[in-house]
1. Would you mind working out the magnitude of the charge dipole of the stretch B:62-210 relative to its Cα centre, with +1 at each Lys and Arg C-beta and -1 at each Asp and Glu C-beta, to the nearest 20 Debye?
2. Could you provide, to the nearest whole Å², the per residue accessible area of chain A with probe 1.4 Å?
3. Over what distance in Å are the Cα centres of the stretch A:162-211 and the stretch A:32-86 separated?
4. Compare the Cα positions of B:Pro162, A:Asn138, A:Val116 along the charge dipole of the protein assembly as shown (+1 at Cβ of Lys, Arg; -1 at Cβ of Asp, Glu; about the Cα centre) and return the one farthest towards the positive end.
5. Picking from B:Thr29, B:Thr131, B:Thr11, which is most flexible by a Gaussian network model of chain B using Cα springs under 10 Å?
6. Which whole number gives the average, over all residues in A:193-201, of C-beta atoms from other chains lying within 10 Å of the residue C-beta?
7. Whole-Hz Karplus ³J(HN,Hα) for the stretch A:179-186, in order, using 6.51 cos²θ - 1.76 cosθ + 1.60 and θ = phi - 60°, x for Gly and Pro?
8. Please state the charge dipole magnitude for chain A, taken about the Cα centre, from unit charges on C-beta atoms (+1 on K and R, -1 on D and E), reported in debye and rounded to the nearest 20.
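The values are calculated or read from the model by the stated rules, or taken from the named source; none is laboratory data. Just so we're clear, the structure is a prediction, and the values are computed from it rather than from any experiment. Cβ placement follows ideal geometry from the backbone for every residue including glycine, while neighbour counts extend to all protein chains displayed. Areas reflect the complete protein model, heavy atoms only, side chains present, ligands, DNA and RNA absent. Shrake-Rupley method; radii C 1.70, N 1.55, O 1.52, S 1.80 Å.
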Amino acid sequence: MSTATAAPAKPAEGLFSKKNRKLIVDPLNDNNPITVQVLGICSALAITVKVENALVMSISVMAVLIAGNMVISALRNMIPGRIRIIAQLVIAAGLVTLVDIILKAYVYDVSKQVGVYVGLIITNCIIMGRFEAYAMGNKPLPSAMDAIGNSLGYAWILVVVALFREFFGNGSIMGLRIIPESLYGDGGIGYFNNNMMILPPMALVLVGIIIWIQRARNTKLIEQA
Amino acid sequence: MAFDKNSNSFTFIFASVLVAVVGTVLAVTFLALKPAYDENVRREKMQNILASMKVKVERDAAPEKYKELVKETLLVDAHGKPTDGDAFGLDVLKQYKDWKANVVKAEDMKYPVYKASTDGKDLFVLPMVGTGLWGPIWGYVSVESDGRTVYGSVFDHKGETPGLGAEIATPVFYDQFPGKTITEDDGTYTSIKVYKGGTGTTDPHGVDGISGGTITSDGVHEMLKRTLAVYDTYLKSVVAPPPPPAMEALPTDSLTADSTSTSLVNP
């Protein structure tokens, strides 16, 4: 019994066929996992205080999603339908733990910064969403493409939100000071950081603004009442 | 397909094999990368000890600098008396957790002391562990050779909220510590108090807490009060006592090394 919810892949297709390109391009805008599917919002709120954190989180999600999609896709004809969600969860949890172990051994400083959130990748609905909606019904290669597309769609929203939050909240980008120290306080022009940008609710507002802009430009995304 | 993938036996076998494979992959990777991770942790500990002495080094350079500056390591017991054991190897976080879980009694706990010198000053580096809002917090405080003046400090945490409690790991918080004293002039133990509401800096024994990070700040306060009490008795035993106070010392109200106290007295 197939549990596929997406269209089955056709055989003998070029790597950059129109269909495969669509797999990567679609999630960037028309089918963005955050702004259109409204998945993975929690991490978008939590880790976007700094651009660096957003990048590491995006790369981690991409690694987990590509590997996971390919493994699930390779096993799709074997996974029993009754325990498919549990099987997906075991694979996702294993991969997340793997990423965590590797970060701790090779990029210890970064793992300390984002360590708490790496464990939370498992709760990122994009991961389970793509496993269930795409990898369970498609071949490994298109599944990898789908993973790349979706994680890039996730990444750009995270990075844009983090750019605004770090710039206005801390006056820096990627840890580099952009707003000169001399403008701050009474000695300068009285500028001070907007601490509200650092707080999670502001991330929600920023994501909301991105959704607003996106729907204003792309009217086919607007649901008809 | 030759097998019925929805049969109970296949489901059971599939689940078992999947879990076994994932478990094996994780175990092998973990064991293969553990030495690298342990070395990172060891170097970070050296980095923290050095940072509390205001010596900033890269992680790779930490072992060499540590060897150069740290002269002696020792353990003291709960009464501040030197005792045997491997001071650097003692996992103070594990010991703290064991104490919280009633596995280790307060009087059996050991406290590492690192004697070091930098910039012509002899320092005592004192590690400590406590509990923040979401998990453990820890820190290193270096005390000058008079046994009461803080030279530097560094704090860190496992999972405090970024932008709020996590600020204890930033200079904004720990740069307030140098120059503060852990005892009154007459030797009465005061600890370093963490104040709420921005009034701490005028107190010679106080610092300001993190606004919006009250529980983490309370955790730091409790950690300092509990741990420095033990170290204070040790420091008093190795440092020449201060000159007798002009007035007679009050016989009561002196804080002893009550390391079992977990009550939080917030100023």
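1. 360 debye
2. 49 Å²
3. First find each Cα centre; the distance between them is then 28 Å.
4. A:Asn138
5. B:Thr11
6. 2
7. Going residue by residue, I get 7, x, 4, 5, 7, 6, x, 5 Hz, with x marking Gly and Pro.
8. That gives a dipole near 780 debye.
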